[in-house]
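Scroll down for the structure; my scribbles are underneath it.
The values are calculated or read from the model by the stated rules, or taken from the named source; none is laboratory data. Nothing here was measured: the structure is a model prediction, and the numbers come from that model. Methodologically, a virtual Cβ is constructed for each residue, glycine included, from the backbone with ideal geometry; neighbour enumeration extends over all protein chains shown. Side chains included, ligands, DNA and RNA excluded: accessible areas come from the protein's heavy atoms. Shrake-Rupley method; radii C 1.70, N 1.55, O 1.52, S 1.80 Å.
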Amino acid sequence: MISFVPEYCFDTFDMVTVEFLTSLNIKGVVLDIDNTLEPYENPKPGERVLLWLDSLKKAGIKTAIVSNNGRERVEEFNAEIGMPAYFKAKKPFKKNILKALSDLDVLPSDAIFMGDQVFTDVWAAHNAGLRAILVPPIK
């Protein structure tokens, strides 16, 4: 039976530190965009997002985007970052999360999913065999 209860909750995405992730032996983080990293109306990642992603990269933690949003939104957001990204992912289905992990060369047991919605993000994470971090929607 799939659980809708996230393993971890944080107030903001950047409260999820490198130290926290490495303490869990996390090698890959799969991310939602909208209302997790930035509000819908921000087409590009802000400085906080870029700094946080850079800290993960420097620690050797790989990242990917899995979003239910459309191609234009995801590609514009990801243009500067250039990580594996999947749009119209149909979360809570696991297909695109597993594709992202394959691209990252990370096992589900070594990965975590972060998003702002229980019925898409947490459910999708658990459906794919990942632990979940829930953050409250930015807006």
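Annotations for the structure displayed:
- Listed residues Ile2, Ile133 arranged by accessible area, highest first, probe 1.4 Å: Ile2, Ile133
- Options Pro45, Ser67, Val30, ranked by Cα towards positive dipole end of segment 17-70, top entry (Cβ charges): Val30
- Put simply, segment 69-139 fits an ellipsoid with semi-axes of 18, 16, 11 Å; these come from the alpha carbon gyration tensor as the roots of five times its eigenvalues, largest first.
- Computed from point charges on the beta carbon alone (+1 for Lys and Arg, -1 for Asp and Glu), the dipole magnitude for the chain about its Cα centre is near 500 Debye.
- Cα pair distances in segment 26-81, grouped into 5 Å bins until the bin that holds the longest one, percent each: 4, 19, 32, 27, 13, 5, 0
- Furthest towards positive pole of dipole, Ala125, Thr12, Ile81, structure part the chain, Cβ charges: Ala125
- Here the accessible area of the chain is 57 percent carbon and sulfur, with a 1.4 angstrom probe and all protein chains present.
- A viscosity of 1.002 mPa s and a temperature of 20 °C, combined with the Kirkwood radius over C-alpha pairs in the Stokes-Einstein formula, give the chain a diffusion coefficient of 148 µm²/s.
- Rounded accessible area of Trp52 (nearest 10 Å², 1.4 Å probe): 20 Å²
- Solvent-accessible area per residue, Å², over the chain with all protein chains present [probe radius 1.4 Å]: 51 Å²
- Residues Met1, Met114, Met15, sorted by accessible area with the largest first, give Met1, Met15, Met114 [1.4 Å probe; ligands and nucleic acids excluded].
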